[in-house]
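The values are calculated or read from the model by the stated rules, or taken from the named source; none is laboratory data. Small disclaimer: the values here were computed from a predicted structure and weren't measured. Cβ coordinates were reconstructed from backbone atoms using ideal geometry, including for glycine residues, and neighbour counts include every protein chain displayed.
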Amino acid sequence: MKVRAAILAGLLLSAAGTAFAAPAKGPVYDERPVKIEEPLALRDYERRAVDIPMRDGVKLHTVILVPRGAKGAAILLTRTPYNAEEMTSQHTSPVMAVALDGYDSAPDVVTGGGYIRVVQDVRGKYGSEGAYVMNRPFVGTSLNPTKTDHATDTYDTIDWLVKNVPESNGRVGIIGISYDGFTALAALLNPHPALKVAVPMNPMVDGWRGDDWFHNGAFRQFGLSYIWEQIATRDNSNKYELAEADAYTHYMKHGSAGALATAQGIDQIGFWQKLKAHQAWDGFWQEQAMDKVLAKAPLKVPTLLVHSLWDQEDIYGASAVWKALKPKDSEGLLHLSIGPWYHGQAIERADTLGALHWDADTGKWWRQNVLAPFLAHYLYDKPMDVATVTAFQSGTNRWQRLNGWPAAVSGAPAEKKLFLLPEGGLGFAPAASAATADYVSDPANPVSYEPRPNKPQGYDGNPWPTWLADDQRPVSGRPDVLTFTGPVLDKAVTIAGAPVVHLTASTSGTDSDWVVKLIDVYPDAVPGDRAMGGYELAVGMDIFRGRFRETLAEARPLKANTPLGYVFELPQANHVFLPGHRIMVQVQSSWFPLYDRNPQTFVPSILDAKPGDYVKAVQKVSVGGEGGSYIALPLVE
């Protein structure tokens, strides 16, 4: 037995030795090559992926696309938290214009100008090292204890590019939309000498006043999904889970936005905790608001700000930066474009906006006639004929060349008061006697921002991009929406600028939201376009949280059943109410589920309101007498 065991053991060892020995030379049963070689000869560009070191040693992942045969080409840079690899390989195409056919690039301008295209992941996102902080505040502020920010990272990146991309002419432009528009603005602080032009499009500027997180103190709770997906993981791999087909149901189910955030695991996100701690426009927001930050620094780089009239995400930022910087622009470096677009639509086909038709592709026209020559002028010394302000006027559907904003061809706009009148009237003369228009606001049945079911927010296959231009008729008949309508116009009414709401109202509660909409009502029948018959197009609308009536920096309760004044701006408008149309104003106290519900009882934190805090309130809007409500229109005579 021992002999047999020994022989068997020897055979097994021999077999094992044979099994694990180096294989004999011969055919390999594998159809893949040992190393793949890309058919680069087919490409009209060269793709390079590098990790560029910053001053603190952190490396930022950067993709560089160089047109084949390029020499003396300018660089067009975008810094993004949205995946540089994906943004530069949209269709894995050998054609550079197709590979760039996605967010931020405007491929027709990039390839038509022969630019070297560079896209970089910001710190902490996707292929880049380091920690991620939402809209990282700047060095030297109390909010950033480090020595790096988006300004220093942009400087270091540009410095590396001009030294290590031999096909470059040494000139760099930066362009970006939304968050990438914010990083484009950040590049203007202590800019690198090689940075010759910047194009911030629909930039995030002030997250409390009117961009992504709040509007005048009202929390945009759709941002919860973005906060989770953007911060929880480096590569956005953890998705926000929403089981309900109707987002309205999803947000009602949990009551307050804070309770929903807890249920979704968002309490563990640092930025969410900052939002909860800073629900007023305090130092946290003021210290990092880009219009205020840039106003303290000299403007050294030619800049083209891009604003969309129906921007559903960042409708505040571009015009705020323009307002802050233009008065100090002694060299004429600052330009502004205003288009009839949703968020980022300027780089897409833009002949329509929902049900609206502009008679031409406004995005293509703008790219050919404004963006392309603006970039080429500063990056290649080519001649440029771009006005200080290029603005699309809705209603007449035409482009304007203006010397400033808000200003029209005939001069600066003059304020014209549009009064809310008794019995649902609207006009340019006030009602003589005092009166009120009343309704009951019930948090248990809030007014929807769009007809239900509310599809979950996203970028494809749902109404989110165009909702600001949606027909407002679905809510006009609600008893908790006041509607004021003027007579049929016999002559055009033209506005250019921000309408200013002067609302006088009382509430039976101790807090309240006020939503005001300025609307263009189309004739009952529109020749050649049946869908627009009677359409109620919102030219400008926004929300104001009542607790900030006295000061934006501190929440204070309202005195119940007492008429109080509320003053706030609507977004920029450049519109003509045509003859045959009517002007309408709507007033309501909820805009759900886009904005969280005001409990209408004053509580220290609305984000943490309890079920018992939500109460019905009787709202009374003054529509006559000395304190009558009105909207100050930026009228162009």
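Yes/no matrix, rows are residues, columns are (1) modelled with pLDDT under 95; (2) in a helix (DSSP H, G or I); (3) crowded, with 17+ Cβ neighbours inside 10 Å; (4) among the polar types (S, T, N, Q):
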| site | (1), (2), (3), (4) |
| --- | --- |
| Gly124 | no, no, yes, no |
| Met134 | no, no, yes, no |
| Thr157 | no, yes, yes, yes |
| Gly170 | no, no, no, no |
| Gly173 | no, no, yes, no |
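Contact map, region 233-248: residues that are assigned by TED's automatic domain parsing to the domain that holds Leu260 paired with residues that are modelled with pLDDT under 90, Cβ distance under 6 Å, separation 6+ or inter-chain. Pairs shown: Leu242/Pro456; Asp246/Asn454; Ala247/Asn454; Ala247/Pro456; Tyr248/Asn454.
Residues checked against (1) modelled with pLDDT of 95 or more; (2) buried (at least 16 other Cβ atoms within 10 Å of the Cβ); (3) within 28 Å of Arg547 (Cα to Cα); (4) among the basic types (Lys, Arg):
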site: Tyr240; (1), (2), (3), (4): no, yes, no, no
site: Ala247; (1), (2), (3), (4): no, yes, yes, no
site: His278; (1), (2), (3), (4): yes, yes, yes, no
site: Met290; (1), (2), (3), (4): yes, yes, yes, no
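The residue of region 499-539 that is modelled with the lowest pLDDT, among those that are in contact with a helix residue (DSSP H, G or I) (Cβ under 8 Å, 6 or more places away or on another chain) and farther than 19 Å from Leu426 by Cα, is Val526. Run Asn190 past the list (1) assigned to a loop (DSSP other than H, G, I, E, B); (2) surrounded by 21 or more Cβ atoms within 10 Å (Cβ to Cβ) and report the number of the one that doesn't hold. Unmet for Asn190, out of (1) assigned to a loop (DSSP other than H, G, I, E, B); (2) surrounded by 21 or more Cβ atoms within 10 Å (Cβ to Cβ): (2). Every condition in (1) under 18 Å from the mean Cα position of the chain (by Cα); (2) surrounded by fewer than 20 Cβ atoms within 10 Å (Cβ to Cβ); (3) of a type in the set (Gly, Ala, Ser) holds for Ala469 except the one numbered (2). The strands (runs of 3 or more DSSP E) found entirely in region 369-452 that carry 2 or more residues being under 30 Å from Asp108 (Cα atoms) and without any contact (Cβ under 8 Å) to a residue 40 or more places away in the chain are 398-402.
Restricting region 123-160 to residues that are among the β-branched types (Val, Ile, Thr) and farther than 19 Å from Ile231 by Cβ, the residue that is nearest to the chain's Cα centre (by Cα) is Thr154.
If the condition is being farther than 19 Å from Phe419 by Cβ and aliphatic (A, V, I, L, M), then region 516-555 contributes Ala525, Val526, Ala531, Met532, Leu537, Ala538, Ile543, Leu552, Ala553, Ala555. Scan region 33-47 for residues that are touching a helix residue (DSSP H, G or I) at 6+ places or on another chain (Cβ under 9 Å) and either charged (D, E, K, R) or assigned to a loop (DSSP other than H, G, I, E, B) (or both) and jot them down. Within region 33-47, Arg43, Asp44, Glu46, Arg47 meet the criteria.
Inside region 213-232, can you point out the residues that are among the charged types (D, E, K, R) and either part of a helix (DSSP H, G or I) or assigned by TED's automatic domain parsing to the domain that holds Arg136 (or both)? Hit for region 213-232 is Glu229, nothing else. In region 347-365, the residues that are within 19 Å of Asp101 (Cβ to Cβ) reach residues that are part of a helix (DSSP H, G or I) and hydroxyl-bearing (Ser, Thr, Tyr) with C-beta atoms within less than 8 angstrom, at least six apart or across chains, in these pairs: Ala350/Thr362; Asp351/Thr362.
Each residue in region 290-314 was checked for being over 11 Å from the mean Cα position of the chain (by Cα) and assigned to a loop (DSSP other than H, G, I, E, B), and 8 pass. Any chance region 97-117 includes a residue that's crowded, with 17+ Cβ neighbours inside 10 Å, part of a strand (DSSP E or B) and in contact (Cβ under 8 Å) with a residue 40 or more places away in the chain? Checking region 97-117: at least one residue is crowded, with 17+ Cβ neighbours inside 10 Å, part of a strand (DSSP E or B) and in contact (Cβ under 8 Å) with a residue 40 or more places away in the chain.
Is it the case that region 138-154 has a residue that's under 19 Å from Ile75 (Cα atoms) and part of a strand (DSSP E or B)? Checking region 138-154: not a single residue is under 19 Å from Ile75 (Cα atoms) and part of a strand (DSSP E or B).
With Ala350, Ala355 as the choices, which residue is among the aliphatic types (A, V, I, L, M), surrounded by fewer than 20 Cβ atoms within 10 Å (Cβ to Cβ) and either farther than 21 Å from Leu518 by Cα or not assigned by TED's automatic domain parsing to the domain that holds Ser629 (or both)? Of Ala350, Ala355, the one residue that is among the aliphatic types (A, V, I, L, M), surrounded by fewer than 20 Cβ atoms within 10 Å (Cβ to Cβ) and either farther than 21 Å from Leu518 by Cα or not assigned by TED's automatic domain parsing to the domain that holds Ser629 (or both) is Ala355. The residues of region 169-187 that are in contact with a Gly (Cβ under 8 Å, 6 or more places away or on another chain) and farther than 12 Å from Thr154 by Cβ, listed by number, are Asn169, Ile177, Ser178, Gly181. Could you please let me know if Ala243 is more than 16 Å from Met134 (Cβ to Cβ) and touching a Phe, Trp or Tyr at 6+ places or on another chain (Cβ under 6 Å)? Criteria not met by Ala243. The residues of region 251-289 that are over 30 Å from Lys328 (Cα atoms), part of a loop (DSSP other than H, G, I, E, B) and not polar (S, T, N, Q), listed by number, are His254, Gly255, Gly265, Ile269, His278. Cβ-Cβ distances below 7 Å connect the following pairs, each with a first residue in region 546-569 that is aromatic (Phe, Trp, Tyr), a second residue that is in a loop (DSSP other than H, G, I, E, B), and a separation of six or more residues or different chains: Phe548/Asn216; Phe548/Gly217; Phe548/Ala280; Phe548/Ala555; Tyr566/Arg549; Phe568/Asn216.
Of the strands (runs of 3 or more DSSP E) contained entirely in region 487-532, those carrying at least 3 residues that are more than 20 Å from Asp471 (Cβ to Cβ) and of a type outside the set (Lys, Arg) fall at 493-497, 500-507. Restricting to region 534-582, and then to whatever is in contact with an Asp or Glu (Cβ under 6 Å, 6 or more places away or on another chain) and among the basic types (Lys, Arg), can you tell me which residue is surrounded by the most Cβ atoms within 10 Å (Cβ to Cβ)? In this case the residue turns out to be Arg545. For the condition closer than 28 Å to Leu552 by Cα and among the hydrophobic types (A, V, I, L, M, F, W, C), Ala218 qualifies. Only residues that are more than 24 Å from Val109 (Cβ to Cβ) and in a strand (DSSP E or B): list them for region 315-350, please. Answer for region 315-350, where residues must be more than 24 Å from Val109 (Cβ to Cβ) and in a strand (DSSP E or B): there is none.
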